[in-house]
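A short write-up of the structure that comes next.
The values are calculated or read from the model by the stated rules, or taken from the named source; none is laboratory data. Quick caveat: nothing in here was measured; it's all calculated off a predicted structure. A quick note on method: Cβ atoms are made from the backbone with ideal geometry, for glycine too, and the neighbour counts reach across all protein chains shown. The area values use the complete protein model at the heavy-atom level, side chains included, leaving out ligands, DNA and RNA. Shrake-Rupley method; radii C 1.70, N 1.55, O 1.52, S 1.80 Å.
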Amino acid sequence: MMPSESLRWKTLEALRNSPKGKISFDPHRWERGEKILSGYKETISLSPQAGLVLERLGSSPLQTSCFLDSSSGHSSPGLSEQTPESIVSSESGSDINAQTLQVEREKALSDEAKDEDPETDEISSPAPPPAISLMSPKAMEIIGSIIKIEKEYREKAQMALRQRQEMQEMFVAELVSSGSEQLKRFEEFTELKQRQDFQSIRDMMDRETKESIGRQEKLKEEQRHRMKILNLRLREAEQQRVREAELERQRQAEGRERLRNLNTIQEEILQLNQLLEPSSQTKSDLPAASLSSYSIRGNQLCSQVSEVVRKTAEGAFPSVEDMTAAERALHEMRALIRLMQEEVAKVQEHKKGEEEALRKQAELQVQQEAQRKAAQLAKEKARRKGLQNSAEDSTLKWYKDLQDSGAQCAQSFTQLNSPKDAQTKKLKLELQKAATIPISQIASNSGSQLREIFEKIDKLLAGRSVVSGGRSVSTSQHPQGLEFVSYKLAEKFVKQGEEEVASHHEAAFPIAVVASGIWELHPQVGDLILAHLHKKCPYAVPHYPPMKDGTTVEEYQKILGYRVEDSGIESQDSFLKRMSGMIRLYAAVIQLRWPYGSKQGSAPHGLNHGWRWLSQMLNMEPLADITATLLFDFLEVCGNALMKQYQSQFWKLILLLKEEYFPRIEAVTSTGQMGSVIRLKQFLETSLQRGEIKPPKGQLSSTFWRS
């Protein structure tokens with residue numbers, strides 16, 4: 001190793017051990033804008049070894065040169081202060097080190113001075129005199145390199161600082177931008193949350209509004225429902241009130257009607273009771289025990305009726321049971337009267353026999369008186385000749401044959417009449433409707449409708465299909481269908497006379513003309529009509545069925561045509577009304593014929609049957625109430641047709657009825673039953689005076705069939 005190199009390492013060692021060499025270097029001071037020696041406050045001095053270096057350097061030839069550090073603007077005062085008189089020049093590396101050390105020292109002193117007294121640096125103080133450095137060109141080059149490196153390092157530091165500042169600014173800008181974006185996002189999020197909260201509040205308000213509206217609608221609907229129910233209940237209450245009022249009016253009307261009937265019954269039963277009072281004739285005819293029993297029973301019956309009347313005097317109407325009891329009492333009183341009359345007649349007959357024997361014994365004494373009485377008896381017998389209590393044998397046979405045929409017809413459809421399966425039961429109901437409904441629709445104001453009804457019934461009996469209740473039905477659907485329909489048709493015709501004609505007399509003619517047309521085309525239906533008519537009204541035969549042994553009163557009343565129900569036997573007025581309706585229908589049938597029929601010849605049941613009926617009625621003993629009623633109804637409906645057909649023969653019959661038969665009717669009629677007798681008497685007198693009988697009211701004309 002060369003001496004200069006060893007000296008150089010020593011110099012470096014001395015610099016490293018110097019206070020300045022121990023300064024810690026922070027490479028980031030430039031980034032922070034601080035100077036390298038800004039934190040160093042001690043006085044910079046060379047180590048003791050530096051003197052030896054300088055002494056050794058002093059022995060070397062020096063080159064004087066004045067160097068003004070124009071680039072940096074600083075001098076090297078430290079060097080001149082320590083060695084003011086020596087000029088160091090060296091051609092070796094040690095000189096360069098010394099110079100470098102000198103320069104650094106000067107710069108350090110200069111920086112320290114600036115740090116310690118910044119104001120004096122700013123004040124324009126006189127610049128120190130330029131120092132004379134004894135540096136070789138190599139040293140100058142090194143110093144220049146150092147300065148250049150420091151300058152580059154400073155520029156790099158400034159560049160790094162600027163870059164860091166730019167990065168910092170960019171970072172701050174990015175941070176600001178990010179913060180701004182985050183603020184915007186936060187504001188947007190806040191606004192979104194507000195909108196969502198507002199929307200949720202609005203939705204909640206809408207839901208609450210809808211729920212409130214729904215509750216209101218529900219309340220309104222409930223209110224409407226309650227109002228509807230209330231109105232319905234009010235209507236039902238009003239209807240119930242109207243029904244109750246109507247029922248009350250009906251009850252009052254029925255009660256008043258029952259009261260009138262009760263008064264009539266009481267009047268009649270009191271009048272009948274007077275007949276039971278023992279008179280001079282009855283005392284002589286009947287024994288006292290019989291008269292007493294009749295009188296006692298009559299008084300009991302009067303007491304029963306009086307008890308019922310006493311209830312009505314207290315303000316109450318008689319009940320159905322009361323009326324039934326009163327009617328039973330009346331029927332029993334009538335039966336009692338008949339028994340008494342029959343007993344009186346028997347006693348009288350017995351007395352007559354005794355008187356006849358006495359007259360025979362005293363023939364010589366009272367011959368003239370006996371002859372006179374015999375003449376009277378013969379005359380009485382002549383007057384009674386031909387009168388009987390029952391119909392003729394031929395008529396009874398005809399009546400029984402019709403009843404047998406009706407019973408056989410009823411037995412022929414037992415399978416259909418008592419169906420075992422639902423299908424047969426349904427067919428039976430449909431056939432019954434198809435047979436009965438058209439007859440119920442017969443009216444007296446339309447001839448064209450009457451033809452439709454007739455054709456429908458004719459088709460049904462012919463086995464063809466007809467529409468009933470929206471369904472097609474035919475008698476051919478069942479083997480017993482024709483018998484069943486024929487039986488029901490006949491029954492319905494008679495029932496119409498019993499109900500419809502009894503209430504509206506004019507209805508007899510349209511019903512009768514349809515029945516006559518069906519009778520002509522289907523004779524079996526006509527026989528069934530007669531069978532039903534005779535069963536419900538035996539007086540249409542005419543026939544007065546006798547009471548057989550063992551027959552109860554109720555059963556006998558049924559045979560006579562009375563309706564007997566659980567409440568009792570129907571009233572006499574109701575009975576006469578029904579009998580009148582059926583006789584009027586029968587009288588209309590025998591004089592009418594279906595105008596559109598194709599058959600020639602006489603009617604199936606013509607006027608000859610009417611003449612037969614009237615003749616046989618006059619050959620039978622009259623019955624109270626019923627005989628006068630039926631004769632009047634029959635003659636009022638059929639009298640004009642019989643007059644035109646039989647002319648003088650008819651008037652002879654009417655004259656016989658007026659002069660001989662009518663007194664018999666009056667004889668068997670009590671005071672309370674004179675209404676029908678008076679009507680018959682007025683009719684006969686008017687007809688005989690005028691010499692004609694007016695056509696019946698409601699008789700069908702040509703105008704009717706064109707309607």
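Brief remarks follow.
- Any hit, the stretch 407-420, residues being part of a helix (DSSP H, G or I), open to solvent by 70 Å² or more (accessible area, probe 1.4 Å), among the hydrophobic types (A, V, I, L, M, F, W, C) and at pLDDT below 85: no
- Of all residues in the stretch 503-519, none are at pLDDT 90 or above, acidic (D, E), open to solvent by 20 Å² or more (accessible area, probe 1.4 Å) and outside any loop (DSSP other than H, G, I, E, B).
- If the condition is being within 17 Å of V513 (Cα to Cα) and either aromatic (F, W, Y) or modelled with pLDDT under 85 (or both), then the stretch 451-481 contributes only F454.
- Where helices (runs of 4 or more DSSP H) sit wholly within the stretch 614-707, those with at least 3 residues that are of a type in the set (K, R) and out of contact with any strand residue (DSSP E or B) (no Cβ under 6 Å at 6 or more places or on another chain) occupy 674-690.
- Residues (under 15 Å from L330 (Cα atoms), of a type in the set (D, E, K, R) and crowded, with 16+ Cβ neighbours inside 10 Å) located in the stretch 545-581: E570
- Residue among I229, I265 that is among the β-branched types (V, I, T), open to solvent by less than 70 Å² (accessible area, probe 1.4 Å), within 31 Å of the chain's Cα centre (by Cα) and at negative phi: I229
- Annotation note: Cβ proximity below 6 Å between a residue of the stretch 625-643 that is more than 12 Å from A588 (Cα to Cα) and a residue that is outside any helix (DSSP H, G or I) and open to solvent by 10 Å² or more (accessible area, probe 1.4 Å) (sequence gap 6+ or interchain) occurs for no pair.
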